[in-house]
Structure formats: C-alpha cells, structure tokens
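Read-outs: derived from the displayed coordinates by stated rules, not from any lab. Just so you know, these numbers come straight off a predicted model, no measurement behind them. Here the Cβ positions follow ideal geometry from the backbone for every residue, glycine too, while neighbour counts run over all protein chains shown.
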Amino acid sequence: MIGSYIKTSGRNLMRNKLFSFINIVGLAVSMSVGLLLIAFVLDLYSYDKFHENGDRIYRITNAVASNGVQNGKFGTTSIKTGKLIREKMTGVEEVAILRSDFSQDAKVGDNVVPIKGFWAEPSLFRIFTFPMLEGNPATALNDPYSIVLTETAAKKLFGNGSALGKAIKFDTLDYQVTGVMKDVPFFSHIHFEALVSFATAEKINKNDQRFEAWENMYSNYVYLLLPENADKVSIQSQLDAIAREENRAEERTKIQLELLPLDEIVVGEELRRPMGPTGPHMPPVVVWILGGLAFVVILCACFNYSNLSMARAMRRFKEVGLRKAIGAGKSQIRYQFLAEAIIISLAALLLSYAIFLLLRPQLINIAPEMQHMVKLELTPSMVVAFIVFSIAVGMVAGFMPALFFSKVSAINALRNVSSVKVFQHVMVKRTLVVIQYTVTLIFITATAVGYVQYKNILAFDLGFKTENILNINMQGNNPDVLLKELGEMPEVTALSRSLIITSIGNAWGGYMKSEDSRDSVLVLTNHVDENYLPLHEHKLAAGGNFKARPTTANAATEVIVNEQVLKRLNIGAGDPEKAIGEEITFNSFQVHGRKMTIVGVMKDFHYGRVENLIEPVAFMFWTPGDRAVINAKIQSTDMVGTLAKIESVWKKTDRIHPFQAEFYDKAIEAAYSEFSAMVKIIGFLSFLAISIASMGLFGMVVFTTETRLKEISIRKIMGATSGSLVFLLSRDFLLLLATAALIALPATYVFFEKVVLTNFPYHTPVQIAELFVGLLVVLLIAFIMIGSQTIKAARSNPAEVLKSE
C-alpha cells in the first residue's frame, strides 16, 4: 500500500511538473531557514557535553547590589567565595577556583609566543574532562610556577619535542611545564592555551590585601562538582548563609550567591562577564525569537502548499472519485495526499540543504561573535533532525489538502466536477491570504524600521568626535616609543593616550563621594592624558584641562567630571563654575579613599552605548602603570597606505604581538553588530516571506480564475469589458491585502515604539514613510501576481469555455 502511495504520488508530481516545481522550491526556500535554525540550536546545545560529569557541574554567580541599586548578575565571584565553600559547606564533592587575568609572553630560548589562559587549582581536572597527554593531572597544578599547556601551545614553544619538565620564562620568572593536555574542544565555554597553578597567583599577590576580598569578584570563577542526587536546596541555603555573613561587613556592596548549571552557561540567563569579555553566550529569548520567526516563515510555506494544491483541485477530482468508487476510504485518500506532500518535502529537503550550504557562511559571518560560537557542520544527529523536520513539514503542508480531498463525494466528482463545492469555507481561504500578507508586511516593515534605527544609532551624536581616530591597543608595551614615531608622520595630526575606548560597551569605574552627599555614587571612569579632550573635541562647561603631569597613580589628584556628577552629588548646586576646586573622595578596587580636586566639568556625553542613559563620568590622568590605548587622529587621502605605514612602525616596536588597531567609527559599528545581524536576518526572512506569499497569492488567483471562468465568459458575452473583469476578479484580493495592512502596520509601529525602542531612550520616532515602504513593495508584487492571471482570464474566448455547456 505504501509503495502504491509513493508510485501514484511520483506519477502525479511528474505529470504536473510546474505545480511540483513551485511547491518544491517554495518549501525548500523556507525549509533552509529551518535547517539553519536546527543546526544553530544543536550547536548551542552541544557546549560542554564532552565533560563526563557535566550534569553535576555548577558555577557560582553573583547578583550584586550597590547602595540598594541592583547592578546586575555576574558570571564571576570572589576567590574568598571559593575558599569559604570549601571550608564551610557540606554536600559539595569538589571546588575549583579559576582566575582569568593570565596573559603574558612565553620565552623559550629565542622563541617568544603570547600565551593566554587561567590561573587554576588542581581540582579543575577532577571536575572537568580535559584529557592529559603528558603529566599527572592530579599533581600538575600543585606547586607554584607550574604550568599546563595545550597541545597546540606546546608545539608553538617546543616544536614536536616533549615539553614536559621544560622551563618557560614569563617576564623574569621561570615556570615549569608539568603537563600537556589535549586542545580545548571548540564547544567549550572555557578556552585557554595554558593553565597556571593558582598557587602562583597567590604567591604573586601575597601582599595585596584586596586579592581575596569578598567584593573583588570581577576576574574569578568558582566551579562546584556536586554528588549524584545532590540536595540543591540545601546547597543554595548554605550559599545564602555565607553571603549573609560576609555582607554584614560591607557598607555599599551586597552580594547574593547563586548556582548556575553547566548547561545553562552558554544558553541561559544573560550575565555580565560570562567567561571573560568574549565568552560564548546566547540568551534563550533570542533562540525563541529566531525559532518563532523561522516557524512563521515555514508555516507560510505550508499555507502556500495548501493554496496551490487546492488551486489545482479541478484536475484531481476525477482521480479521487475513481479511487473512492473502487473502494478507497477517507483515510486512504488522506494517506495518499499526505504521502505526496511528504515526498515533495523530502525532495525540497535536498534543495534546501544546498541553500543551507550557501547560507551557512553568511550566517556565521553575520556578526563577529558568531564565528567563535557555532560551526554549523553536518553531524549524524543533525542529519536525523533534518529528515524528521522535513517529514514534519510535509505532514503539516499536506494536512489541509488531505482533509479536503478525503471529503469529496465520489458521485459528484465523477458526475459533474463543477457541482463540487471546492471551498465551502471561504473564510478559511481568505484567512490564509491575510495571515500570509500580514506576516510579510510585518517582516518588511520591521526591516525598514530596524535599518533606519540602526543607521541612526551609528550616526548618533555621542557628544564628542570619532571621525578618523585610530585606536591602537599597546598590548602591554610602553606607548612612548610608538607615540614618538607616530608624531613624526605627517598623516597623524594629533595623539593621545587612554585606558579604554568609551561608547562601545567597555566600562571602568568606582564610587565617588562629596562632602555634601550622604551616599557614594557609581561613576564611570577613563584615564586619559592632556591631549585626549582636544583630540576628541570634548566640550567643557567650566574649568580646563589637566594641569599636573603625575607619573604614578597615587599622585594623580586632578579629576574632570561631567555634568551628571554634579547633579548626583549635589556639587555647586549644579553650577559647573562653582564645582571647580571642589574636593571629592574616590574609591575603587584599586584605589581607596583618594582625595581628588575637580579641575574641569565636561558637557554630558555617551560613555556607554546608546541604549544606556547618560551616567556620571570622570576622567583621571593617565599614568605609566595604566593599560595603554593610543588614539591617533589621521588625515590622509590614502588610508590603506597610512595604516600600512603605522603597522610597519608597530613591527619595529613589537615583533611578537600582531598589530591591533581599529578606527573609532568601525569599533562603534562592531559594538552594535547584534542589531545589524538582527536587521539582516529579518530582512532575509522578509524576502523569503514575500516570495512565499506571492506564490500563495498566485495559487489563490489561479484557483479563483479556474472556478470562475464560465462566469467570466458569460459576463463577456453580456458586454463586460476586460478592465471591469480585472477589477471584479482582483477586488477581493485587494481587500484582503488592505486588511493585512490594517493589521500589520499598526502592530509593527506599536511593537517598535512600545517594546523594542523603549530600550533606547534617545531613539528617533518611527516615521510614516518607513511603515509604508513595505506596503508599497507588497502591493507592487501583488498587482503583478493578480494582474497576470486576471488579464489572461479576462481575454479568454467565451466560445471555447462555454462550448461544453
């Protein structure tokens, strides 16, 4: 029986080649989106599956509040947290502390290689499954100045020879290689080239009282291995008890400790510092949104299949009537049409996989973080998922035609095809068209609005200038040599130094207090030299630039603040002139109780990204102990050649590290890459949606013209003109499109103004023109679809149509 279904379906598909082609292409185009989503989700949920005890591994996260204000949740915690868990808690099998600030140049003879990794406790190897190639994992990280290399890092330093027991020099200290492990798999949330014993970090920081402070939590990760069937409620209550005890000694900062399962680190709640600045992470809401969009597109394709199937219904009634006459039941008819839909879907799967291969690199390169997050490579589980998905799509697409044809009466179908009521429920037909075009209009309008808003963000006035400013990361080098070389280049018109690059999501800061304020206020900071303000054209409301030129951080006592600082701390009653000379106290994890004098007040500017409100900001003087970024203002007609010259100067300064420089405008563009990616994805889906909806509309027009050919012929005989017939046939479809527009345009407007753009306090309002661009595109395509068929029907010869009557 199944063979009969397949054979009959195959014959029907070959007999209706055009119909089959349209259906296969329509399903394939939409299914390619489904394949991308399946591959994307499978990759995301592949993270950390190689750990043998993965279901029992948890990370400690911190929920932080300062002065009663929630500062968000962090993937990091303090070293003290890890030690207190080990000392005080029961029901925990293993604890491992990981610290993320190891980044140095490894020297082996004349070979110098930059190495990045973590300071780690020996228990790390008992929690995670990182196979060791050389050395004993139980003891490899026991002693100070011991290091475990990955296989690739070991080859970079020692070639193909054994690295075990050999020495590596970092700065002036010798480290011994006590182990070589396999490279960290791609689908690991932790990536490193080396693990250095945590005992080394403790020894280096033995005089730093802040090293193990409760609130010093931004560079440390604590992992737990719980026993089988562990009581997580008891574990959490013990964590709460530790937090309560430690928070008593803190005036400003209150920390809550929470358990985070290993499988929720990559796909889970968004945390600050999930695993360093570039840790892989995808909020579940994004996966659900992408899944919802893909589902809508696929559902439209299924509607399209249903429409086209029933549009060609006249050619199938006698076939169905004969089947029923010789004994076929309703279920057999349903199975026949479901089998036909599944065959088309499986055929579409082959084409959709080819489209998937074309689109895969586009998706991976759509945003920089995607390249480090997914591979989208074919795996056995992915093949199974693709096939199951294809069969499911076929069943959904074939459900309505199967139900429709199974209800056809054999007597009516064989006696007089015209007596069969092809579509009794006209509302169902109209609903399908309205749904398809509502979705299409929402996609196209959202693309237009999103693109305009994205461009407005990039062109937003930040309060300072970024044009032609090249930011060069010094990567630990002294900037003075490079500054001297760059200063002699005619293309470089101005130079300055800074600690970080603002307005792209980076943040540095501490707490500031004045004599007139009761509480401390969180103030975002940057360390800059005397050339920074004029180079970036920051505007001063009062005062001036830095006067002193301190060479140590402790000697830097001048500060330039923005107007928000005056408002929050009630300095000078909000008058910038009165604030000059006022003294404030600054506290951070590096600085405690430093008295500083306000020498300048800047106009407010966007230190953070555009979705953030303007916050209190302070500039302090850059000193040689700070991390350095050189800001170079460039004036050149040959930017490519100028960059090559600057890179050649860099290579004279540093032969080890690659040149890392980016124009400010490009850095800002990269900071909003997720918005660009979303606009591109929705734009692509809108293209698919309008293509599929157009085919669906084409099917409905064919359906209507075929069922009304005799009516059209009679009207022509009675004197109706072609123009009046075109209007008559297209009127219903135009009303359906108008209905879709009345739903889609207000819905899109409300969605952006009340949901999306509420996160952007400085956004520009959605314009009417942006909403109607999509409508005009859809109407143009719809006119082509409708006009081509209605004109053909209106020009038909009445004698040929009515000769059998």
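Values computed for the structure shown
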{"quantity": "Residue-averaged [θ]222 nm for the chain, counting only DSSP H segments that reach four residues, each worth -39500 (n - 2.57)", "calculated": "-15500 deg cm²/dmol"}
{"quantity": "Computed over region 492-634: relative contact order in percent, which uses C-alpha pairs under 8 Å that are six or more apart", "calculated": "38 percent"}
{"quantity": "19 Å reach of a label modelled at L613, 7 Å along Cα-to-Cβ, counting backbone N of region 746-769", "calculated": "754-764"}
{"quantity": "Computed lengthening from E270 to L358, 0.36 nm per intervening residue step minus Cα-Cα distance", "calculated": "28.6 nm"}
{"quantity": "Distance violations [Cα-Cα > 29 Å] among K80/K156; K156/K633; K547/K567; K182/K206; K652/K680", "calculated": "K80/K156; K156/K633; K182/K206; K652/K680"}
{"quantity": "Global geometry of region 54-264, whether rounded, prolate or oblate, following the gyration tensor of its Cα atoms and the 1.5 cut on a/c", "calculated": "prolate"}
{"quantity": "Helix 380-406 vs. the chain, principal-axis angle (Cα, 0 to 90°, nearest 10)", "calculated": "30 degrees"}
{"quantity": "Pair I791, S103: separation of 7 Å Cα→Cβ label points (nm)", "calculated": "6.3 nm"}
{"quantity": "For region 492-634: rounded, prolate or oblate by the Cα gyration tensor [a/c cutoff 1.5]", "calculated": "rounded"}
{"quantity": "Sparse-neighbourhood loop sites, trypsin sites (Lys or Arg not before Pro) in region 19-74 - DSSP loop, at most 13 other Cβ within 10 angstrom", "calculated": "K49"}
{"quantity": "Tilt relative to the chain, helix 232-247 - C-alpha long axis, 0 to 90 degrees, to 10", "calculated": "40 degrees"}
{"quantity": "Candidates per trypsin sites (Lys or Arg not before Pro) in region 170-228, loop by DSSP, up to 16 other Cβ within 10 Å", "calculated": "K182, K206, R210"}
{"quantity": "Extension gain from D183 to N587, taking 0.36 nm per residue of separation minus the Cα-Cα distance", "calculated": "141.3 nm"}
{"quantity": "Loop-located chymotrypsin sites (Phe, Trp or Tyr not before Pro) in region 740-782, at most 12 other Cβ atoms within 10 Å (DSSP)", "calculated": "none"}
{"quantity": "FRET E, pair D208, W288, Förster distance 45 Å, beta-carbon r, rounded to 0.05", "calculated": "0.55"}
{"quantity": "Gyration tensor verdict on region 158-275 (Cα atoms; rounded if a/c is under 1.5, prolate if a/b is larger than b/c, oblate otherwise)", "calculated": "oblate"}
{"quantity": "Segment D110-M718, length gained on full extension (0.36 nm per residue, minus Cα span)", "calculated": "209.1 nm"}
{"quantity": "Relative contact order (%) - criterion: Cα under 8 Å, at least six apart; region: region 112-259", "calculated": "26 percent"}
{"quantity": "Given [x] 20; [y] 50; [z] 27, the label whose value is percent of Cα pairs over 55 Å apart derived from this model", "calculated": "[z]"}
